[in-house]
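Worksheet: the structure to be examined is printed underneath.
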Amino acid sequence: MRIGFYPGSFDPVTNGHVDIFERSAALVDRLIVGIGIHPGKTPLFSVDEKTAMLKNDLHPLAKRGGFDYEIVTFDRLVVDAASEHGATILIRGLRDPADFTYEMQMSGMNGEMKPEVHTVFLPASPGVQHISSTLVRQIASMGGNVQTFVPKHVADMLREKFSG
Ligand code: ADP
């Protein structure tokens, strides 16, 4: 049984994340999506809101792709959280050279701390490579249309957050 751990902030979930979920399905039997909690940082969406978003996207994908999924939160080292959930594959998406430089360093240090957890990089698909949660939040906060960057239910949640 191959268990993958895909950590992130998911603030909010974007089409880039969904692309990684879809492609992870080909690699793992069980996908654990970890919502990172950083003390001192206040995200736009709560853990409950993020969990609802993630479920909305993961449920149909898991049914179609024949994999199991679980959504968890973690507030410690990613490799420790991955091990705790029995994962040996740590999934990260790569968008650009900046991601690559940072992620290579992280995977090196993570590999030294927990050699049994293997980082697997998935290059962003061309259609979603430019999408980041940070920019989606900024655009939505200024009343911009984010429909092409996020799933419809997420666009609705963003509109609600910033309306009024
Ligand atoms: P973090 O705060 O760790 O960057 P994110 O939620 O932004 O959390 O991202 C989680 C993971 O998803 C990271 O591996 C990131 O590289 C990947 N990711 C984010 N956006 C995209 C995208 N558009 N295409 C591919 N991977 C992405």
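Some observations on this one:
- Matching residues in region 124-148 - criterion: being assigned to a loop (DSSP other than H, G, I, E, B), more than 9 Å from the ligand (Cβ to nearest atom) and within 22 Å of residue 23 (Cβ to Cβ): 148
- Taking (1) touching a residue at least 40 places away in the same chain (Cβ under 8 Å); (2) in contact with an Asp or Glu (Cβ under 9 Å, 6 or more places away or on another chain); (3) of a type in the set (D, E, K, R) in turn, residue 29 satisfies each apart from (1).
- Of residues in region 1-11 being buried (at least 18 other Cβ atoms within 10 Å of the Cβ) and more than 9 Å from the ligand (Cβ to nearest atom), the one farthest from residue 65 (Cα to Cα): 5
- Residues of region 61-101 that are surrounded by fewer than 16 Cβ atoms within 10 Å (Cβ to Cβ), in a strand (DSSP E or B) and either over 13 Å from the mean Cα position of the chain (by Cα) or among the aliphatic types (A, V, I, L, M) (or both): 68, 72.
- Residue within region 18-25 that is touching a residue at least 60 places away in the same chain (Cβ under 8 Å) and hydroxyl-bearing (Ser, Thr, Tyr) present: yes
- Some residue of region 35-49 being assigned to a helix (DSSP H, G or I), touching a strand residue (DSSP E or B) at 6+ places or on another chain (Cβ under 6 Å) and at negative phi: yes
- The number of residues in region 111-123 being without any contact (Cβ under 8 Å) to a residue 40 or more places away in the chain, among the hydrophobic types (A, V, I, L, M, F, W, C) and near the ligand (Cβ under 10 Å from one of its atoms) comes to 1.
- Of the listed requirements (1) buried (at least 17 other Cβ atoms within 10 Å of the Cβ); (2) hydrophobic (A, V, I, L, M, F, W, C); (3) more than 10 Å from the ligand (Cβ to nearest atom), residue 37 misses just one: (1).
- Selected residue (criterion: surrounded by the most Cβ atoms within 10 Å (Cβ to Cβ)) from residues of region 149-164 that are part of a loop (DSSP other than H, G, I, E, B) and at pLDDT 95 or above: 150
The values are calculated or read from the model by the stated rules, or taken from the named source; none is laboratory data. Keep in mind the model is a prediction, meaning the values are calculated, not measured. When we count neighbours, we look across all protein chains shown, and the Cβ atoms used for this are built from the backbone with ideal geometry, even at glycine.
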